[in-house]
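So the structure is just underneath, and the comments pick up after that.
The values are calculated or read from the model by the stated rules, or taken from the named source; none is laboratory data. From a predicted model like this one, the values you see are computed outputs, not experimental measurements. All Cβ positions, even for glycine, are placed from backbone atoms using ideal geometry, and neighbour counts span all protein chains on display.
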Amino acid sequence: MRTNDLISNLAENVTPVRRLPPFSRRFALFLFLGSALGTLTIGYFGFRRDLALVASTFFFQLQTVALASLFVLSTRLALLLSVPGERVSPLQQKVIWGSLVLSLSALVAASLPHFSEEALTHTLATSGNCIRYVGVVGLAYGIVFLSYLRKAAPLYPLQTGALALFSTGSLSALIVHFLCKSTAPLHLLLGHYLPLAVVTVAGLVLGQLILRSFSKIAR
Amino acid sequence: MTAEQELELASLLVKAQEGNGEAYRDFLDRSSHYVRRFVARRLSPAQTVEDVVQETLLSLHSARHTYVPGKPVVPWIHAIAQRRVFDYLRKRMRSTEGKAGPSFDQDEWQPGEAESEATSHLAVRDALANLSPQQRDILGLLKIDGLSTREVSERLRITEASVRVTAHRAYEKFKSYLLVKHYENE
C-alpha cells in the first residue's frame, strides 16, 4: 500500500476520540485511589497495636516518608511514560531502582544471622496475614493501574509496567507498614518482600501482555 | 519545522481528535514529510524508510487520543517515530540472527548503513577498541584477512570451537556497541 493511500484510508475512517485527561488529573486520580485503598484496608484490618508507641519514633517516620515518596514518584513516572513525548528523568528512575536494591540488600544482610530452618518455618507460619494484605492490595491496585495505563500509548511497555508495579509495591508496603508491628528482618523479607516480588513478577508478565497491545496495534 | 508550522500541525490534530477527516488528512500528510525526513536520516533503502513511515503513521493514528491540546506536537510525533525506528532495527537484528544461526561467517548484518563514511569509520574503530585483544585478533583474521575458522585455530593454536565462540561473542559485542552509539548520536 502506498503512503498516500494509507493516509486517505485513515482520514476517511477517522472518528472522534476521547482525549486522555491531562497529566495532573490522572496523577491526582491515582494518588486518590491509593489513599482510598489504604484507608479502606487499614479501616478493615485495623492499625497495628503499637502504633501509638512507634508513631513518634524517627525510624517509623523515616520509613513512612520514604515509602510514600517512592509511591508518589513511581506513580508519576509510570503515568508520564505511558504518553509519547513526555520526558522522564533518568535520575528519578535510578532513585527508584536504587532504593529497591538498597532496602533488599539491607534486609538480606540483616536476615542472614537469624537464618535457620526453624526460623524460616516459624516466619512463614506467622506471616500469613501480611502475605494476604500485600497480595490483596497489590493485585487490586496493580490491575487497575495497568488497565488504566493501557488506555494511553506506552511506547516502552516493560519499563512502564515495571514502574507501575513498583508504585503498587510501594503502596502495599506503605499500607502494611501501618498494619504489621513486626520489625524482624526475616519476617519483612518473607512476609512483605516475597509476596511483593511474586505480585511484581506476575504483574510484569501481565503488564507486558496488557501494555504491549499498543505496539501490536501499530503493526 | 517553524513554531508557526508546529502550531498549525497541533491545531489540525486537535480537529482530527474531534473527527474532522479533512484536517486529519492534512495532519497525516504534513506529519509524513517530517517523519520521512527523520527516518531517512537513520535508515535506508527507500522501501524500508517508507515501511517505517507507514508504521509510524499507524501508530500516530492509534495514539492520537494521547495528544493533549496546547502541548508541543513535534516531540509527540518524534517519540513515536523514534520508537518505530528502534522496533525496525530490533526486528532486523533478530531476523538476521535467526538466519545466521550460530555460525559467525554467515552473518551479513551491515551496521550504520545510513551513516556517513567518516562517522561509520570512527564508530567501527571505537567498537573494535572495545573488544578484548583476543577477540580483536580473531575478528581481524576472519573478517579482514579472510581466513577460515580452521586456519585461525591453527595460527592461534586454539581449538576451532573456541575460535567460533570467541568470534561470536566478539561480533555480538561489536554489534551492540554500534547500536548503542547509533542511538546516542540521535
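Quick rundown of the values:
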quantity: Every residue from the range B:13-26 that is out of contact with any Ser or Thr (no Cβ under 9 Å at 6 or more places or on another chain), in a helix (DSSP H, G or I) and closer than 19 Å to residue A:20 by Cβ; calculated: B:14, B:15, B:16, B:17, B:24
quantity: Residue A:19 facing chain B (nearest Cβ under 8 Å) and surrounded by fewer than 16 Cβ atoms within 10 Å (Cβ to Cβ); calculated: yes
quantity: Boolean, residue A:155 is over 30 Å from residue B:69 (Cβ atoms) and under 21 Å from the mean Cα position of the chain (by Cα); calculated: no
quantity: Out of A:11, A:52, sole residue that is out of contact with any strand residue (DSSP E or B) (no Cβ under 6 Å at 6 or more places or on another chain), more than 12 Å from chain B (Cβ to nearest Cβ) and either touching a residue at least 60 places away in the same chain (Cβ under 8 Å) or not β-branched (Val, Ile, Thr) (or both); calculated: A:52
quantity: Residue within the range B:34-42 that is outside any helix (DSSP H, G or I) and either more than 11 Å from every other protein chain (Cβ to nearest Cβ) or in contact (Cβ under 8 Å) with a residue 12 or more places away in the chain (or both) present; calculated: yes
quantity: Residues (more than 19 Å from the chain's Cα centre (by Cα), in a helix (DSSP H, G or I) and either buried (at least 24 other Cβ atoms within 10 Å of the Cβ) or facing chain A (nearest Cβ under 7 Å) (or both)) located in the range B:59-74; calculated: B:60, B:61, B:62, B:64, B:65, B:66
quantity: Number of positions in the range B:76-101 that are modelled with pLDDT of 90 or more and either among the acidic types (Asp, Glu) or surrounded by fewer than 14 Cβ atoms within 10 Å (Cβ to Cβ) (or both); calculated: 0
quantity: Enumeration of residues in the range B:102-148 that are modelled with pLDDT under 50 and of a type in the set (Val, Ile, Thr); calculated: none
